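Values in this text are rule-based calculations from the coordinates and carry no lab data. Keep in mind the model is a prediction, meaning the values are calculated, not measured. Please note: Cβ atoms are built from the backbone with ideal geometry, for glycine as well, and neighbour counts cover all protein chains shown.
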Amino acid sequence: MNEIVKVRCLKHVYPDKTEVSICGLDFIVNRGDRIVILGPNGAGKTTLLSHILGLLKPMEGQVSVFDVSPSKEFKQVRKKIGVVFQNVDEQIIGPTVFDDIAFSLRNEGQKTEVVKARVEEVAEILDISHLLNKIPHYLSGGQKKKVALAGAMAMSPQLLIMDEPFDGLDPKSKREMIEIINSLNRNMGVTTIVTTHDINIVPHIADYIYILNKGNIVSSGRPEEIFKKLDILTEANLEPPILIQLFTRLKEKGLQVDIPISIEQAEEEINRLVSTGSK
């Protein structure tokens, strides 16, 4: 394992004197992981991400990203991190899609031909080459998410952080975003940290889950482990995915079933029940 992020019991006080502490379990991300952070509003998700990005400096606790303090080595760390914020309208600043994706590259002083080649490469990967000359303001929500993601990927980051990337997307756009996130992880080795309220998507994008509740990391584990902890999920105001709820009820009624975390696993369980007549 190659640890690239570690957060341990941090404390931060905002200018309005609001105090936020994130303690409990350590938050650890290893290279190549697909991490999902779950938690209700006010649980501390944004505060945690802001410390990882170096936007906030903890008053207490430890935050290490690529073996340095991100708040002290902000420029060094941010070159290795791509980020897509929840409100992408505030993130997209270019007059055209091409200009927006090119922003970081130009800011780093890259040559024109290098910028053009990289923008076109990223646009092709995300299937938005046809949008490069468009004005971002007039794009759909799903297209804007892709443009923001393209801008985040332009500098070939090792770590990609996405805050509520499925918020406001229609089902087709959600499926596309899932495939993009997994493709970046699988084919380019990008480590991903995603926050989301859409718990039914989590099994498709997570190797490991952290649950935040009232400023504490209350549980962590693989999806199949986390979704069996119904009491912890309920306490954190989270409902298990529909498949988990359905098969848990079947099990409570006496059927000998394993709890699936994907449609494929559910299909296998149903086929097994049909073929064996098990009850």
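Comparing Ser69, Ser140, Ser173 in a Gaussian network model of the chain, where Cα atoms under 10 Å apart are tied by springs, the biggest mean-square fluctuation is seen for Ser140. Once backbone amide H atoms are built at 1.01 Å from N, Gly32 has Thr191 as its partners under 5 Å, excluding neighbours fewer than 5 places away on the same chain.
Legend: Rg and Dmax of segment 20-62, from Cα coordinates, 11.0, 29 Å. Taking 0.36 nm per residue of separation and subtracting the Cα-Cα distance, full extension of the segment from Glu121 to Glu268 would add 49.0 nm. Kirkwood Rh, Cα Rg: Rg to Rh for segment 24-92? We get a ratio of 0.94 for segment 24-92. Checked against a 19 Å cut-off, the cross-linked pairs Lys172/Lys228; Lys11/Lys229; Lys11/Lys79; Lys11/Lys72; Lys17/Lys214 give Cα-Cα distances beyond that limit for Lys172/Lys228; Lys11/Lys229; Lys11/Lys79. Placing dummy labels 7 Å off each Cα toward the beta-carbon, the span from Asn87 to Ser129 is 3.5 nm. Projecting the Cα atoms of His51, Phe85, Gly151 onto the dipole axis of segment 3-237, where Lys and Arg carry +1 and Asp and Glu carry -1 at the beta carbon, places His51 farthest toward the positive end. Between the amide H of Ile217 and those of Cys23, Gly24, Leu25, distances stay under 5 Å, these residues lying 5 or more places away or on another chain, with hydrogens modeled in the peptide plane. Treating r as the C-beta distance of Ser275 and Arg249 and R0 as 25 Å, the FRET efficiency rounds to 0.70. Expressed to the nearest 5 percent, the antiparallel share of DSSP beta bridges inside the chain is 50 percent. Helical content alone sets the calculated 222 nm signal of the chain at -11500 deg cm²/dmol, taking -39,500 (n - 2.57) per DSSP H segment of four or more residues and averaging over every residue.
A Förster radius of 35 Å, combined with the Cβ-Cβ distance separating Ser183 from Lys72, puts the computed FRET efficiency at roughly 0.55. Each 10 Å bin from zero up to the one holding the largest Cα-Cα distance in the chain carries the following percent of pairs: 6, 26, 32, 22, 10, 3, 0.
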